[in-house]
Amino acid sequence: MSPRPIIAPSILAADFARLGEEVRAVQAAGADWLHIDVMDGHFVPNITLGPDIVRALKPHASIPMDVHLMIDPVDPFLEAFVEAGADIVSVHPESGPHLNRTLKRIRQLGARAGVVFNPSTSPAVIEWMMDEVDLILVMSINPGFGGQSFMHSQLAKIETLRRMIDASGRDIVLEVDGGVTVETARLCVDAGATALVAGTAVFRGGPDAYAANIAALRG
Ligand code: DX5
Ligand code: ZN
């Protein structure tokens, strides 16, 4: 029996005109973390939000802010996001020339460091860096937009990364992002995931549905 996964609602699917209220609502509904998708229109074909929004939301959130950076270059902005209140900062290896240096910098700034795997990115990227990561995030879609369909091909990657984490003996969170529904959540947890990002599946139905949506994902 797998332990209950951490549920991290992605505010990308929230009502952007009422973000503070939305954050308080998902938190009251049982969210464990708040997932914040940062996109620059360059690394991914969409633009979302920056550190000022993270700072504005911080007083509304008592749960950890899980910031997923989809920006290139990423290094010049790490400090701004941690100062704004990011508790976890996750980066794509493709968004900077020296992943090891980037991860060390995130920790030095006082946040937990995460590495994000695009569907085409190999687990080998972190083979020599298991001591530097606190979180591994497997994308089960191509990053850029919510509401896409889960790529089942990524389940084998989750299993591989689960084995790598177990072999490391370290307590590294294994998170999955993209197309997570009640059905695909089970597949992810069975493959070894310990945290689930969900936008559409949490925010559908409006605030009255959030608690039931989160409970259903948790299983
Ligand atoms: C996409 C983002 C995801 C997205 C997930 O690039 O990283 O976090 O919000 O949305 P759903 O859960 O709707 O697939
Ligand atoms: Zn994300």
| query | Among 65, 164, 129, which one moves the most in a GNM of the chain with springs linking Cα atoms closer than 10 Å? | reply | 129
| remark: A 1.4 Å probe over the protein heavy atoms gives the stretch 6-206 a carbon and sulfur accessible-area percentage of 53
| note | Debye calc, one equal point scatterer per Cα of the stretch 6-206, no solvent, log10 I(q)/I(0) at q = 0.11, 0.15, 0.16 1/Å comes to -0.44, -0.86, -1.00
| remark: Length gained, residue 19-residue 212, 0.36 nm per residue minus C-alpha separation, equals 67.5 nm
| Convex hull projection area averaged over all views, the stretch 120-168, Cα basis, nm² | 3.8
| said: From the protein chains alone at 1.4 Å, what is the descending order of accessible area for 43, 203, largest first? | reply: 43, 203
| request: Please work out the average accessible area per residue across the stretch 6-206, using the 1.4 Å probe convention, and give it in Å². | output: 41
| message | Positive end of the dipole of the chain, charges at C-beta (+1 Lys, Arg; -1 Asp, Glu), about the Cα centre: which of 92, 158, 46 has its Cα farthest in that direction? | response | 158
| task | Can you figure out the FRET efficiency of residue 166 with residue 53, using R₀ = 45 Å and their beta-carbon distance, to the nearest 0.05? | result | 0.80
| Long-range amide H contacts for residue 198: which residues qualify at under 5 Å (H placed 1.01 Å from N, peptide plane, sequence gap of 5 or more or a different chain)? | 8, 10
| So which chymotrypsin sites (Phe, Trp or Tyr not before Pro) in the stretch 56-156 end up in coil per DSSP with only 16 or fewer other C-beta atoms within 10 Å? | 128, 145
| note | Calc'd 3J(HN,Hα), the stretch 134-151, phi into Karplus 6.51 cos²θ - 1.76 cosθ + 1.60 (θ = phi - 60°), Hz, glycine/Pro = x, comes to 9, 8, 10, 10, 9, 7, 9, 8, 7, x, x, 9, x, x, 8, 8, 4, 8
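The values are calculated or read from the model by the stated rules, or taken from the named source; none is laboratory data. None of these values were measured; they are calculated from a predicted model. Positions of Cβ are generated from backbone atoms using ideal geometry, with glycine treated the same way; all protein chains shown enter the neighbour counts. We work out accessible area using only protein heavy atoms, side chains counted, and drop any ligands, DNA or RNA first. Shrake-Rupley method; radii C 1.70, N 1.55, O 1.52, S 1.80 Å.
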